[in-house]
Amino acid sequence: MANPEQPSLCVLIPVYNEAESLPHLIPRVFAALADLPAKVHLLLVDDGSRDGSGERMAELAENDSRIGYLRLARNFGKEIAMSAGLDHADADAVVILDADLQDPPELIHEFWKHFQAGCDNVYGVRTSRDGESFLKKVTAAGFYRVIDRMSRTPIPRDTGDFRLLSRRAVLALRQLRERNRFMKGLFGWVGYKSIGVPYQRAARVAGTSKFNYWKLWNFALEGITSFSTVPLRLATYVGALTAAAAFIYGAVVIAKTLAYGEAVRGYPSLMVVMLFLGGIQLIALGMIGEYLGRLFEESKMRPLYLLADAKAPGNTAGRLDQ
Ligand code: UDP
Ligand code: MG
């Protein structure tokens, strides 16, 4: 019998058309976690599958009290499926695991050790990716490096969604209600004590990847625009530079006309007016971009910060965070 004092662990698994993977997945997860000193249960989130995965998981849950499930009304995408799972998971720690067994559930033992040592966010760092094309590896590596540079939120490289989150990290994620959800960024935004655990990513056990390059490209754009206003700021700089060049060129045209007269009538005045207006327009666009960027940040209504720990001054027993 499970010890009632034991902490609880919820393994959250987003599932989209994974009927072929499910029969491999469930036994492997339970076998891997059999000797973990925790009360383990699974939360399967059916993200609008059309291959019977949803019915399969309902059957599995019927026969095993350790399995729970959520079924979304349609395919909302992995980010939303994970968010729905995090909203409903009730455990001391939650592990997010892919349904295709690309992330080894055995690694959760290692995650657990860090969790016991007080870590809130223990993430798997991929040292290699088996069964994925050269192009996917290169584009993924490039993406992680670009977003790391552009975003002020720490987003660890080569890190997917496979991770353990403490209860307070999960509670924090629930407060982030933005619609465009780039989870890798949200995990980083939360902060708290985080640590990476290296592992080798396996090939899929069954089925095919649900992400094609078009979806991945859109995902990358989502990540960059949700966590960085660098592109907007770029407009300001390009505008200011072009405007400066235009003003200088305008001055040259005026000086030339004064010194040598006009070769073509009307050309210098036309040129100067055009450059002047163009420059002013670009600067104005950049300024609008700056305000738009701020409006965009505000519209997300994220909490301003999260406390990791706090204590009221003096010897009062009351802690500030309670
Ligand atoms: N997934 C999901 N909704 C989607 C696409 C994918 O819940 O719209 C799930 C999928 O079932 C799997 C995980 O997200 O458990 C990762 O998907 P996949 O293996 O296709 O991605 P890859 O490993 O190729 O990046
Ligand atoms: Mg996969």
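No value in this document is a laboratory result; all are computed from the given coordinates. Everything quoted here is computed from the prediction, not taken from an experiment.
In this structure, the amide hydrogen of residue 125, modeled 1.01 Å from its nitrogen in the peptide plane, lies closer than 5 angstrom to those of 197, 199, counting only residues at least 5 positions away or on a different chain.
So for the range 1-120, considering every pair of alpha-carbon atoms, how many percent are separated by more than 19 Å?
Values: 3126 of 7140 pairs.
Of all Cα-Cα pairs in the range 1-120, 44 percent lie more than 19 Å apart.
Length gained on full extension, residue 300 to residue 74, computed as 0.36 nm times the residue gap minus the Cα-Cα distance: 78.9 nm.
If you run the Gaussian network model on the chain, springs between alpha carbon atoms under 10 Å, then out of 291, 16, 260 the most flexible one is 260. Pairwise inverse Cα distances across the range 229-300, averaged and inverted, put the Kirkwood hydrodynamic radius at 13.7 Å. Karplus-derived 3J(HN,Hα) values for the range 288-299, using 6.51 cos²θ - 1.76 cosθ + 1.60 with θ = phi - 60°, are 4, x, 4, 5, 4, x, 5, 4, 4, 5, 5, 4 Hz; glycine and proline are entered as x. Looking at the chain alone, DSSP beta bridges between its own residues are antiparallel in about 25 percent of cases.
Over the chain, calculate the relative contact order: mean separation of alpha carbon pairs under 8 Å at least 6 apart, over the residue count, as a percent.
Values: 494 pairs, mean separation 53.5, N = 322.
It comes to 17 percent, rounded to a whole number.
By the equivalent-ellipsoid construction on the alpha carbon gyration tensor, the chain comes out with semi-axes of 51, 25, 17 Å, ordered largest to smallest.
Taking the chain as a Gaussian network of alpha-carbon nodes connected by springs under 10 Å, the highest mean-square fluctuation of the residues 94, 238, 253 belongs to 253. Pairs of alpha-carbon atoms within less than 8 angstrom and 6+ residues apart define the contacts here; what relative contact order does the range 65-181 have, in percent? Across the range 65-181, relative contact order equals 38 percent. Of the residues 277, 33, 173, which exhibits the maximal mean-square fluctuation in a Gaussian network model of the chain defined by a 10 Å Cα contact cut-off? Checking each option, the largest mean-square fluctuation is seen for 277.
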